[in-house]
Amino acid sequence: MSRTAKRSKKRTKQPTKYVSRRRSRHSCRAKLLKPPCSRITRPRFKQGASSRTKLPGAIHCFTEHTYVGAETSSSIHSLPAQDTSSLSMYTYGVVNRGKHPALVQIQISPNAVDYAVDSQEVVAGGQTKALVPLRFLHYTRLAIRSVEPDQPTRLDVYFQAQRMP
């Protein structure tokens, strides 16, 4: 083989390496990196951006249901049931927008017909509380009523849930 043939062979045989240009603190050797096309790039989020943004390939999911201006009365009133069978974590946020206290119950059910009281709390006027069920069943809902029969109040209820693998 001639010299020029050997030189051209050397030029074409050079392996492609992606090398970090920044030196490591512990070693002077450059680290081998994966090619840029194989890196997983994720979108950058601005602070205060919507929580419903989903990354490509992500399995977890965020869900929210809002019930603004729910009026209490002397009788118990139930909000729509939530299917919580596939959720890993969920919370009810209750904001009392009125002056009078309200009784809030978390009710759970195996079949969306027969409900049992899981826990209950009194939310004072102007107060915010986060309520989490103590037990698990297929369906969960919130029931509200006034503490005093002749003193109705207005509640904002937020159901927020997260599904993780």
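The values are calculated or read from the model by the stated rules, or taken from the named source; none is laboratory data. Note that this is a predicted model, so its numbers are computed, not measured. Cβ sites come from the backbone with ideal geometry, for glycine too, and all protein chains shown count toward neighbours.
General remarks:
- Subset of the range 146-165 that is crowded, with 18+ Cβ neighbours inside 10 Å and either of a type in the set (Ser, Thr, Tyr) or out of contact with any His (no Cβ under 6 Å at 6 or more places or on another chain) (or both) - its residue that is modelled with the lowest pLDDT: Ala161
- Residue check for Ile144: touching a residue at least 60 places away in the same chain (Cβ under 8 Å) and of a type outside the set (Phe, Trp, Tyr): yes
- Single residue of Ser119, Ser86 found to be closer than 15 Å to Thr63 by Cβ and among the polar types (S, T, N, Q): Ser86
- Hits in the range 126-145 - residues which are surrounded by 14 or more Cβ atoms within 10 Å (Cβ to Cβ) and part of a loop (DSSP other than H, G, I, E, B): Pro133, Leu137, His138
- Comparison of Val104, Val113 shows that the only residue that is hydrophobic (A, V, I, L, M, F, W, C) and without any contact (Cβ under 8 Å) to a residue 12 or more places away in the chain is Val113.
- Number of residues in the range 135-156 that are small (Gly, Ala, Ser) and within 13 Å of Ser119 (Cβ to Cβ): the value is 1.
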